[in-house]
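Trainee: Got a structure for you, questions after.
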Amino acid sequence: MEKLDEYKWWGKPGEPSQNLKTKKQLAELGLSPLKAVGIIRAQKYDVLLYDPDNPESCRPKRKPTEKQLETLAANREKARIKREYNDWYNSRERLIEQDRVAAVRWARDELTRDDWVILDTETTGMHNAEIVEIAIINPTGEALLNTLVKPTIPIPADVTAVHGISDEMVADSPSFPDIYPQIVEALKNKRVLIYNAFFDITILDYCRRLHNLESFNLSRRYECVMNWHAQWAGDWSDYHEGYRWHPLCGEHRALGDCLAVLERMQKMAADSDKFHCPVPRPD
């Protein structure tokens, strides 16, 4: 191998003459390196030097053919599509779309089955509250149970203003122990679908303990339709790191709310279960 002239780094005695260029500088001049004529030895790497005036040291870059330009443009387009797809695939938007499709398929699957019921209650309030109305419907919307319930405590006026059920309306209604067997029978061997399941299950458990009745054992056989609907709606909250819940917007009466839950499930099931990708997929 021919020995190269050695130079010092620019700005020091023994620096290369101005006509000697690095590979990067050659590229800026539209030249390709052939044979180095000099070298700067550095601690991490060596810098090769070329002479633009020497045809043995470098040559003009060949102009790409039309086909090469087309190939280059096509490869750049593929790279752009892949980059945009990867950005979308790793985004929150992709997860939201994935969850929407899962919710649609859940609703469709449920509507093909008959092993569940929908339950809703109206109560005397939010905490340590008692049931004043309960309804249970089957998948066709038929009411298996729909009754007012007489609680052991008065119904506050502000709660009556919400659901319209007053003390006078429940005065001659059955008590919770009276309707307990009907609830058990309606829920027998069924999964229970509830909008805001935590609330209704808590109220049911409170009422059965209040009257020393056996548990309904719902912990392993319920679905919260509110959570599935929130997932389908896709209204993500960064603050809560989850989907925002949407009010049922029913009648605030037990049977009407049960039917509203069924309607929501039907609306979800009618949505497309095709995975929508807003950017082109890479080949």
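Trainee: Stretch LYS35-ASP283 to full length: gain in nm at 0.36 nm per residue minus the Cα-Cα span?
Mentor: Stretched fully, the LYS35-ASP283 segment lengthens by 85.2 nm.
Trainee: For Cα extents along the principal axes in Å, which listed value, (1) 60, 43, 42; (2) 47, 38, 37; (3) 110, 43, 33, comes from the coordinates shown?
Mentor: (3)
Trainee: Also, I was wondering about something else. What ranking, highest mean first, results for peptides 128-139, 77-88 when packing means the other Cβ atoms within 10 Å averaged over each residue?
Mentor: Numbers: 128-139: 21.4, 77-88: 13.1.
Order by mean packing, descending: 128-139, 77-88.
Trainee: Rounded to the nearest angstrom and ordered from largest down, what semi-axes does the equivalent ellipsoid of segment 3-140 get from its C-alpha gyration tensor (root of 5λ)?
Mentor: For segment 3-140, the ellipsoid semi-axes come out as 76, 23, 10 Å.
Trainee: May I pose another question? Counting other Cβ atoms within 10 Å of each Cβ, which trypsin sites (Lys or Arg not before Pro) in segment 13-74 have at most 11 and sit in a DSSP loop? Intermediate values should be presented prior to the final figure.
Mentor: Numbers: sites: LYS21, LYS23, LYS24, LYS35, ARG41, LYS44, LYS61, ARG62, LYS67; in loops: LYS35, LYS44, LYS61, ARG62.
Those that pass, being in a loop and sparsely packed, are LYS44, ARG62.
Trainee: If you don't mind, there's one more thing I want to ask. Once R0 is set to 51 Å, what does the formula 1/(1 + (r/R0)^6) return for the Cβ-Cβ distance between GLU70 and LYS8, expressed as a FRET efficiency to the nearest 0.05?
Mentor: That pair, GLU70 with LYS8, gives E of 0.65.
Trainee: Follow-up question, since we're still on this one. Give the calculated FRET efficiency between GLU251 and ASN86 to the nearest 0.05, with a Förster radius of 51 Å applied to their Cβ-Cβ distance.
Mentor: 0.60
Trainee: Return one whole number: the accessible area per residue of segment 178-283 in Å², for a 1.4 Å probe.
Mentor: That works out to 61 Å² for each residue.
Trainee: For the pair PHE275 and ASP238, what calculated FRET efficiency results from E = 1/(1 + (r/R0)^6), where r is the Cβ-Cβ distance and R0 = 22 Å, to the nearest 0.05?
Mentor: Once rounded, the FRET efficiency stands at 0.40.
Trainee: Could I ask something else about it? If you stretched the chain out fully between VAL162 and ASP46, how much longer would it get, using 0.36 nm times the residue separation minus the C-alpha to C-alpha distance?
Mentor: Taking 0.36 nm per residue and subtracting the Cα distance, the gain is 33.6 nm.
Trainee: Can I ask one more? First compute the accessible area of the chain with a 1.4 Å probe, then give the percent of it belonging to carbon and sulfur atoms.
Mentor: Carbon-and-sulfur percentage of accessible area, whole number: 50.
Trainee: Could you tally the net charge around ASP172, taking each other residue with its Cβ under 15 Å from the Cβ of ASP172, Lys/Arg +1 and Asp/Glu -1?
Mentor: Combined, the nearby Lys, Arg, Asp and Glu give -3.
Trainee: Count the net charge of all other residues whose Cβ sits under 10 Å from the Cβ of TRP228, scoring Lys and Arg as +1 and Asp and Glu as -1.
Mentor: Residues near TRP228 contribute -2 overall.
Trainee: Using a 10 Å cut-off on Cβ atoms, rank the peptides 191-198, 4-11 from the highest mean neighbour count down.
Mentor: Highest mean packing first, the order is 191-198, 4-11.
Trainee: Which one of LEU210, LEU218, LEU48 has the biggest mean-square fluctuation once the chain is modelled by GNM with Cα springs under 10 Å?
Mentor: In the Gaussian network model the winner is LEU48.
Trainee: In addition: Which residue, THR71, THR124, THR152, has the most motion in a Gaussian network model of the chain that connects Cα atoms within less than 10 Å?
Mentor: Of THR71, THR124, THR152, the Gaussian network model singles out THR71 as fluctuating most.
Trainee: Averaging over every viewing direction, what projected area does the convex hull of the Cα atoms of segment 148-246 cover, in nm²?
Mentor: One quarter of the hull surface, i.e. the mean projection, equals 8.3 nm².
Trainee: For segment 77-166, what is the accessible area per residue in Å² when the probe is 1.4 Å? Intermediate results must be reported in sequence, preceding the final value.
Mentor: Values: 4520 Å² over 90 residues.
Per residue, segment 77-166 has an accessible area of 50 Å².
Trainee: For the chain, calculate the relative contact order in percent as a whole number, restricting contacts to Cα pairs under 8 Å that are 6 or more residues apart. Don't jump to the answer; show the numbers that get you there.
Mentor: Numbers: 421 pairs, mean separation 53.9, N = 283.
Once divided by the residue count of the chain, the mean separation gives 19 percent.
Trainee: Summing Lys, Arg as +1 and Asp, Glu as -1, what charge do residues with Cβ under 13 Å from the Cβ of ASN196 carry, ASN196 excluded?
Mentor: -4
The values are calculated or read from the model by the stated rules, or taken from the named source; none is laboratory data. The structure displayed is predicted, hence computed values, not measured ones. Every residue, glycine among them, receives a Cβ derived from its backbone with ideal geometry; neighbour counts consider all protein chains shown. Please note that ligands, DNA and RNA were not included when accessible areas were found on the heavy atoms of the full protein model with its side chains. Shrake-Rupley method; radii C 1.70, N 1.55, O 1.52, S 1.80 Å.
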